[in-house]
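Comments concern the structure below.
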Amino acid sequence: MGPQSISTILFSRLLQGILVVFVVISVVFLVSRLARNPVEYLTTDETTQEEKELLKEQLGLSGPIGIQYVKFLWNAVQLDLGNSFISARPALSEVSSRASKTLQLGAAALIFSLALGVPLGVIAALRRATPTDWAARFLAVLGQAIPNFWLGLILIFFFAVQLDLMPTGGSGGIEHLVLPTITLGLLASAVSMRLTRSGMIDVMGTDFVRTARAKGLRESTIIWRHALRHALLPVATILGIQVGYMIAGTVIVEQVFAWPGIGRLMLHTILVGDFPVMIAGILVISTSIVVANILVDLSYPIIDPRIRAGTR
Amino acid sequence: MAARAVAAAPGSLLRGVRLGGSWQQAVLLAPAIIILLAFLVAGVFADLLSAYDPEQIVLQERLIPPAFQAEGSWAHPLGTDNLGRDILSRVMYGARVSLLVVVTCIPASALIGTFCGLLAGWRLGWWDRFLMRIVDVQLALPAILFALLISVVFGASLLNVILIIIIFSWSGYARLVRADVLSLREQEFVVAARASGASDRRILFRHVLPNIVNTIVIMATLDVPSVILIEAALSFLNIGVAPGTPSWGAMISEGRNFMTIAWWPIWMPGIAILLVSLTGNLFGDWLRDTLDPRLRNVR
């Protein structure tokens, strides 16, 4: 296969991404229509049949499912996902008003995971088969094994209840962000650490590192500028999947820490049957996962110059 | 995506094959096997081993601390929860729920995933594109959100949890098997089998599959802790097992409201999850290093 230009790749990835998001919201729409009639959530026993019919009409729930689906798609293309059944505000703005909170938490967790995982992985690789290495690897296994909802509660128990250092939940200053960030980012940092470690071990044995040493480069330059860049490729590859896991993780972490983001909103709306907001939320979430994966694909050439030259 | 992770790991094929893993792993392996056995026994024989009915409420015996604390008693070695239910019994029945999820979800998703991976990697073309797009869709729709939706539409139940986990975990096997088939199909022994007129079925089952079995076994082992964690997380959010069922996640969710006055209702099931998932991971890592060091970068 010859070298492809960035724009060709970007175009085909975007097209695939749109298809994926389309399928996701179609599935969610159809499954949600199998649910108990949402009108039942919103009315009491005293509501008359006429009023119920009127409500159904207003909410776009009347008529055959096929027609409803086509109408839904037609409106969705224009970014109109209907109004919240509860607050009557547009569903999409209901979700986007929460987005910044989730974005804050997600970004903090991502940065935390890389800032902890990558240096730890490098150190473990350089001190391979020493107690440092074993400790780092054991920490990684532990980080992968701890259920995040339990970790969150334990952190609250020690740091918020016993020591009173941090707030137990809610959002506000930077101190509100600390415990949720650790809870959400620990798993990802364990994965990054393991990938960085094995990548570094591979690359430190290669010819180009030997050449760099022979040239008389300082060891720290070799490690952090040349070798690490090579070792980061698998870390970057898995980043797209990590973002997906993290977004799913926010549903749990936001619930544990009463963090007012999309995850908590989703849990609430789904339980009360507020389907427009739910679909809007899933649309936003799956779009961001798709975009994250496209960005990861586009970042390969920056990390690995060989891809830029089209040799892979 | 995982396939790319393997391909992108430079030089991973060159690493020497070491049998048996390192001695550090061996040291950790013995306790790991003991814990896994304890988990198995507790799950299978929960009804014989537990002294109490896990769902029996005794309000007079609320929040009794575990036996090693001053106010505790050996009648309830791990204490009781906010409704006076015996925590040890509930932890054992919780092991049964986790075990049930493991023995149903993992074989099912491994079978479906292997079949689809073989199909995609061998037939290529339309099948391959179709199956890989389904995988993309799954990656873009977090299992937890889908589980939320399902629990509202069809209600919370163990069966739904199992189905959701299967729906979301077969694709991991499919991607891995597909990647292996793609590299195996160009190997000389496969090309030779084709040239000698062997049927697709014969090639796949006699030549390709035996070369992939290790990969599948390793992936299945590493899936044990993740499947247990998913079930626990869903039950924690009250969208997993039906209310009242003694599941580790549900126990933590209930104990959460009392965690400032009683630590044991959330610690006991939490430690159970942690131990099983920790040992499952250690065991899986050891198996991988023993059977197939090449896979070390998959997770």
Any residue at all in region A:196-206 that is more than 8 Å from chain B (Cβ to nearest Cβ), crowded, with 21+ Cβ neighbours inside 10 Å, within 28 Å of residue B:140 (Cβ to Cβ) and out of contact with any Leu (no Cβ under 6 Å at 6 or more places or on another chain)? yes
Residue among B:223, B:289 that alone is closer than 20 Å to residue A:141 by Cα, surrounded by fewer than 21 Cβ atoms within 10 Å (Cβ to Cβ), more than 10 Å from every other protein chain (Cβ to nearest Cβ) and of a type outside the set (Phe, Trp, Tyr): B:289
Among the numbered criteria (1) more than 9 Å from chain B (Cβ to nearest Cβ); (2) modelled with pLDDT of 90 or more, which one does residue A:255 miss? (1)
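Tell me whether region B:185-196 contains one or more residues that are within 25 Å of the chain's Cα centre (by Cα) and of a type outside the set (Gly, Ala, Ser). Reasoning before the result, please.
So the first thing to find is which residues in region B:185-196 are within 25 Å of the chain's Cα centre (by Cα), and the list is none.
Looking through region B:185-196, none of the residues is within 25 Å of the chain's Cα centre (by Cα) and of a type outside the set (Gly, Ala, Ser).
Enumerate the helices (runs of 4 or more DSSP H) found wholly within region A:133-220, keeping only those where 2 or more residues are modelled with pLDDT of 90 or more. Steps first, please.
On the way: elements: A:148-155, A:175-204, A:207-214.
In region A:133-220, A:148-155, A:175-204 are the helices (runs of 4 or more DSSP H) which contain 2 or more residues that are modelled with pLDDT of 90 or more.
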The lone exception for residue B:156 - which of (1) farther than 30 Å from residue A:251 by Cβ; (2) not in a helix (DSSP H, G or I) it fails: (1)
Given (1) free of Cβ contacts under 8 Å to residues at least 24 places away in the same chain; (2) assigned to a helix (DSSP H, G or I); (3) surrounded by fewer than 17 Cβ atoms within 10 Å (Cβ to Cβ), where does residue A:267 come up short, assuming only one miss? (3)
Could you tell me whether residue A:231 is assigned to a helix (DSSP H, G or I), more than 21 Å from residue A:183 (Cα to Cα) and over 21 Å from the mean Cα position of the chain (by Cα)? yes
Restricting to region A:273-287, give me the number of residues that are surrounded by fewer than 24 Cβ atoms within 10 Å (Cβ to Cβ) and either at the interface with chain B (Cβ under 9 Å from one of its Cβ atoms) or among the basic types (Lys, Arg) (or both). 2
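Got a sec? Which of B:257, B:211 is polar (S, T, N, Q) and either at the interface with another protein chain (Cβ under 10 Å from one of its Cβ atoms) or free of Cβ contacts under 8 Å to residues at least 40 places away in the same chain (or both)? Steps first, answer last, please.
Values: B:257 fails: either at the interface with another protein chain (Cβ under 10 Å from one of its Cβ atoms) or free of Cβ contacts under 8 Å to residues at least 40 places away in the same chain (or both).
The conditions single out B:211.
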Might you let me know whether region A:149-156 holds any residue that is at the interface with chain B (Cβ under 8 Å from one of its Cβ atoms), of a type in the set (A, V, I, L, M) and without any contact (Cβ under 8 Å) to a residue 24 or more places away in the chain? yes
Can you name the number of the only condition in (1) in a helix (DSSP H, G or I); (2) modelled with pLDDT under 85; (3) more than 22 Å from residue B:169 (Cα to Cα) that residue B:287 fails? (3)
Here the residues within region B:197-213 that are part of a helix (DSSP H, G or I) and not basic (Lys, Arg) are B:200, B:203, B:204, B:205, B:207, B:208, B:209, B:210, B:211, B:212, B:213
The lone condition residue A:34 fails out of (1) within 14 Å of chain B (Cβ to nearest Cβ); (2) surrounded by 12 or more Cβ atoms within 10 Å (Cβ to Cβ); (3) modelled with pLDDT under 85 is (2)
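Per-residue answers, yes or no, for (1) within 14 Å of another protein chain (Cβ to nearest Cβ); (2) crowded, with 23+ Cβ neighbours inside 10 Å; (3) of a type in the set (D, E, K, R); (4) within 30 Å of residue A:247 (Cβ to Cβ):
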residue: B:60; (1), (2), (3), (4): no, no, no, no
residue: B:78; (1), (2), (3), (4): no, yes, no, no
residue: B:88; (1), (2), (3), (4): no, no, no, no
residue: B:97; (1), (2), (3), (4): no, yes, no, yes
residue: B:100; (1), (2), (3), (4): no, no, no, yes
residue: B:106; (1), (2), (3), (4): no, no, no, yes
residue: B:117; (1), (2), (3), (4): no, yes, no, yes
residue: B:120; (1), (2), (3), (4): no, yes, no, yes
residue: B:130; (1), (2), (3), (4): yes, no, no, yes
Output for Cβ contacts, cut-off 7 Å, separation at least six or different chains, first residue under 20 Å from residue A:287 (Cα atoms) in region A:77-90, second in a loop (DSSP other than H, G, I, E, B) and among the small types (Gly, Ala, Ser), reads A:82/A:60
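Looking at region B:141-171, which of its residues are of a type in the set (Val, Ile, Thr) and more than 12 Å from every other protein chain (Cβ to nearest Cβ)?
Let us first name the residues in region B:141-171 that are of a type in the set (Val, Ile, Thr), namely B:144, B:150, B:152-153, B:161-162, B:164-167.
Correct list: B:161, B:162, B:165, B:166.
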Hey, residue B:75 at pLDDT below 85, part of a loop (DSSP other than H, G, I, E, B) and at negative phi or not: yes
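The values are calculated or read from the model by the stated rules, or taken from the named source; none is laboratory data. These figures come from a predicted structure and were not determined experimentally. For neighbour counting, all protein chains shown are included, and Cβ atoms are generated from backbone atoms with ideal geometry for every residue, glycine included.
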